[in-house]
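What follows is a single structure, written as structure tokens, with notes after it.
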Amino acid sequence: MEISNDIIERIALAKSVAVLTGAGVSAESGVKTFRDPDGLWTKMNPQELASVDGFMNNPELVWSFYRERAHIIDKVKPNAGHYALANMEKLFPRFELITQNVDGLHAAAGSTNVRELHGNLIDNRCFDCERPFKGELPEDELPRCPECGGGIRPSVVWFGELLPADAMQAAEFAALNCGVFFSVGTSAEVYPAANFPFLAKRSGAYLIEVNPNETALTPFADAALRGTSAKVLPVLVENIEEFRNKSER
Ligand code: BJW
Ligand code: ZN
């Protein structure tokens, strides 16, 4: 993977970097993406599995989907792309990692202060009183809130739901104020997350896409690094470090 000197220089000289990640970053850890040919939404209906109506209509089906995914993410490990992003945060005075992923792999790789736009699969909460549910999830019945008896749901963001205000605010600030914005491993089809790269670009940031495939964002990117995140991101970090070492000499 060759990355041009011009791109490396632009990144290495930036004071503020923001990164938006999507499911592709975890693909090489063995977590399925959503819209790739073998993705979750290619085979399953998101309205049934990832919406409040879907949960109300068939909570058993929704829970069987989320239990299975929670078991998978319990076993998987971060890959070289996650580790590269954890290293990258140490290279810039300001660095914001904004993720749509719900698997907790950025934090597991050592990234600090990860902004989770779509919640996470590790936490659960009461649908009615919103209290966090800390108990063990029963395998063969629906979990219930010990405080109010309400139904328990995964703490993820479903279609039609608002994203967490703190993560949204941090993402918006980062997009408005960064010199370089990366969109990594996301199809850039789901809003409002997909809006942040545009916001950054309109605010003057250099916009870089890291993805093996073209996306809805590609025509607007200043640079597209075509490859998987586990291959491209470690090379990127290495090149930034080399550039900085050369400039010091
Ligand atoms: C690699 C790789 C490798 C592969 N390395 N890369 C019409 C127009 C605009 C908006 C809307 C609309 N109609 C409805 C909306 C709003 C809706 C929306 O955006 N829908 C669009 C799909 C049209 N958004 C919402 O509803 C959001 N809420 C909201 O807007 O609230 C305000 C509101 C309320 C009421 C009415 C209207 C507005 C909420 C969105 C919640 C999304 N939730 C999910 C599920 C989370 C829980 C769970 O995990 O189950 O989030 S859906 C799913 O998509 C998940 C992901 O975070 C999200 C984004 O997917 P992502 O990460 O981009 O994955 P993929 O699979 O799409 O792409 C993978 C990419 O990786 C590909 O590009 C590959 O090439 C690449 N790749 N291997 C690097 N190794
Ligand atoms: Zn409750």
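The values are calculated or read from the model by the stated rules, or taken from the named source; none is laboratory data. These numbers were taken from a predicted model, which means no experiment stands behind them. Glycine gets a Cβ as well: all are built from the backbone with ideal geometry, and neighbour counts include every protein chain shown. Side chains are part of the model used for accessible areas, which takes the heavy atoms of the whole protein and leaves out ligands, DNA and RNA. Shrake-Rupley method; radii C 1.70, N 1.55, O 1.52, S 1.80 Å.
With region 53-157 as the region, which helices (runs of 4 or more DSSP H) entirely inside it contain at least 3 residues that are out of contact with any Leu (no Cβ under 9 Å at 6 or more places or on another chain), open to solvent by 40 Å² or more (accessible area, probe 1.4 Å) and within 16 Å of ligand 2 (Cβ to nearest atom)? Working first, answer last.
Details: elements: 59-75, 80-88, 105-109.
Passing ranges: none, list empty.
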Report every pair of residues separated by at least 6 positions or lying on different chains whose Cβ atoms are under 8 Å apart, first residue within region 64-87 and β-branched (V, I, T), second part of a helix (DSSP H, G or I) and modelled with pLDDT of 95 or more. I73/L105; V76/S26; V76/L105
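Here is a yes/no grid of residues against (1) surrounded by fewer than 19 Cβ atoms within 10 Å (Cβ to Cβ); (2) free of Cβ contacts under 8 Å to residues at least 40 places away in the same chain; (3) not in a strand (DSSP E or B):
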site: E2; (1), (2), (3): yes, yes, yes
site: E9; (1), (2), (3): yes, no, yes
site: A18; (1), (2), (3): no, no, no
site: D38; (1), (2), (3): yes, yes, yes
Is it true that S111 is within 11 Å of ligand 1 (Cβ to nearest atom) and either among the hydroxyl-bearing types (S, T, Y) or closer than 28 Å to L13 by Cβ (or both)? no
If I122 satisfies all but one of (1) away from ligand 1 (no atom under 16 Å from the Cβ); (2) more than 18 Å from G22 (Cβ to Cβ); (3) among the hydrophobic types (A, V, I, L, M, F, W, C), what's the number of the condition it fails? (1)
Among residues belonging to region 63-80 that are over 11 Å from G104 (Cα atoms) and among the basic types (K, R), point out the one that is farthest from ligand 1 (Cβ to nearest atom). K75
Which is hydrophobic (A, V, I, L, M, F, W, C) and within 12 Å of ligand 1 (Cβ to nearest atom), of A14, A50? A50
